[in-house]
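Just below is one structure, and these are the notes that go with it.
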């Protein structure tokens, strides 16, 4: 086994052990899978915030990022550049920690995970437009409502679509 694979397995085991250590008080309220999903999502969100801050303040230094043919405001540039990193870490944690029992191939999982992520981006956009501009709900309240909808959608879509477990027939067992 390669050194990189050993490091990956060590990270997977360590994260799983740490997350599972905090599970017992939540046992009555949620499944271990849901708890792991929430913990991984929280870790990835924290990473996202840190990366956004670093890209905005230290990489783009609050300045417009001009590629010559298109220019990005620093907040959009920071979002764009942190996205592939947090997309991959989110996928990795979902695949190896939250939904480790999935029987789908990795290529199928990542394409489906990307579709769910795009769905979440669209839900955020459409939901904010609807709640803020049509229903005139305060933006922060709207964002909280949309976040709950997106987290629920994301969990269910990833559980039953991106990382589903194939049902085995009695002949296969």
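The values are calculated or read from the model by the stated rules, or taken from the named source; none is laboratory data. Keep in mind that what you see is a predicted model, and the values were worked out from it rather than measured. Cβ coordinates were reconstructed from backbone atoms using ideal geometry, including for glycine residues, and neighbour counts include every protein chain displayed.
Of the residues making up region 112-128, those that are more than 14 Å from residue 153 (Cα to Cα) and surrounded by 12 or more Cβ atoms within 10 Å (Cβ to Cβ) number 1. Kindly indicate the residue of region 24-48 that is assigned to a loop (DSSP other than H, G, I, E, B) and exposed (fewer than 13 other Cβ atoms within 10 Å of the Cβ) and also nearest to the chain's Cα centre (by Cα) among those meeting that condition. By that ranking, first place goes to 31.
Total residues in region 130-143 satisfying the condition of being loosely packed, with under 13 Cβ neighbours inside 10 Å and assigned to a helix (DSSP H, G or I): the figure is 5. For region 49-58, name all the residues that are surrounded by 11 or more Cβ atoms within 10 Å (Cβ to Cβ) and either in contact with a strand residue (DSSP E or B) (Cβ under 7 Å, 6 or more places away or on another chain) or more than 17 Å from residue 86 (Cα to Cα) (or both). Within region 49-58, just 57 meets the criteria.
A residue that is at negative phi and crowded, with 19+ Cβ neighbours inside 10 Å occurs somewhere in region 78-85.
Taken as a whole, region 60-76 holds at least one residue that is under 26 Å from residue 148 (Cβ atoms), surrounded by fewer than 16 Cβ atoms within 10 Å (Cβ to Cβ) and not assigned by TED's automatic domain parsing to the domain that holds residue 148. Of everything in region 46-73, what is touching a helix residue (DSSP H, G or I) at 6+ places or on another chain (Cβ under 8 Å) and more than 29 Å from residue 110 (Cβ to Cβ)? Give them in sequence order. If the condition is that a residue be touching a helix residue (DSSP H, G or I) at 6+ places or on another chain (Cβ under 8 Å) and more than 29 Å from residue 110 (Cβ to Cβ), then 61, 62, 63, 64 are the ones that fit.
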